[in-house]
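**Student:** Take this structure, written in structure tokens, and hold onto it; I'll ask about it next.
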Amino acid sequence: MLNEVRQRGVARVVDALLPGVVGFCAPVFDSDSHLVLGMVSLGPASSFDARWDGKPAHALRVAAQQLSAELGYVAA
């Protein structure tokens, strides 16, 4: 899972914790490259786009990268 998060920039669960729920989580890093939080987006599987390249995943990935940059993180 860690390699997948590094590759895709987000983690995804579909029907894993709660049936009928899709969730994405994107890591946020600080200026010392420490993980400081995970930004989460959840929705019902019936109407939430669970694709890796869907709008929720893309928006969350962009927001997490922006917040990381604002905290001083510079990707290696």
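Every number in this text was worked out from the coordinates using simple rules, so none of it is lab data. Fair warning: this is a prediction, and the values are worked out from it, not measured in the lab. Note that each Cβ is placed from the backbone with ideal geometry, even for glycine, and that neighbours are counted across all protein chains shown.
**Student:** How much mean residue ellipticity at 222 nm does the chain get from its helices, if each DSSP H run of length 4 or more adds -39500 (n - 2.57) and you divide by all residues, to the nearest 500 deg cm²/dmol?
**Tutor:** Taken over the chain, the calculation gives -9500 deg cm²/dmol.
**Student:** Okay, moving on. Treating the beta-carbon of each Lys and Arg as +1 and of each Asp and Glu as -1, no other charges, what is the dipole magnitude of the chain about its Cα centre, to the nearest 20 debye?
**Tutor:** With Lys and Arg at +1 and Asp and Glu at -1, about 200 debye.
**Student:** If you fit an axis through the alpha-carbon atoms of helix 55-70 and take the longest principal axis of the Cα set of the chain, what angle between them do you get, 0 to 90°, nearest 10?
**Tutor:** 20 degrees
**Student:** Taking H placed 1.01 Å from N in the peptide plane, check which residues at least 5 places from Phe29 or on another chain put their amide H under 5 Å from its amide H.
**Tutor:** Counting only residues 5 or more places away or on other chains, the set is Val36, Ser68.
**Student:** Across every pair of different alpha-carbon atoms, what Kirkwood hydrodynamic radius in Å does the stretch 2-70 reach?
**Tutor:** Its Kirkwood hydrodynamic radius stands at 12.3 Å.
**Student:** Quick one: 3J(HN,Hα) in Hz for the stretch 22-29, Karplus 6.51/-1.76/1.60 with θ = phi - 60°, rounded, Gly and Pro as x.
**Tutor:** Karplus-based 3J(HN,Hα) across the stretch 22-29 equals 10, x, 10, 9, 10, x, 10, 10 Hz.
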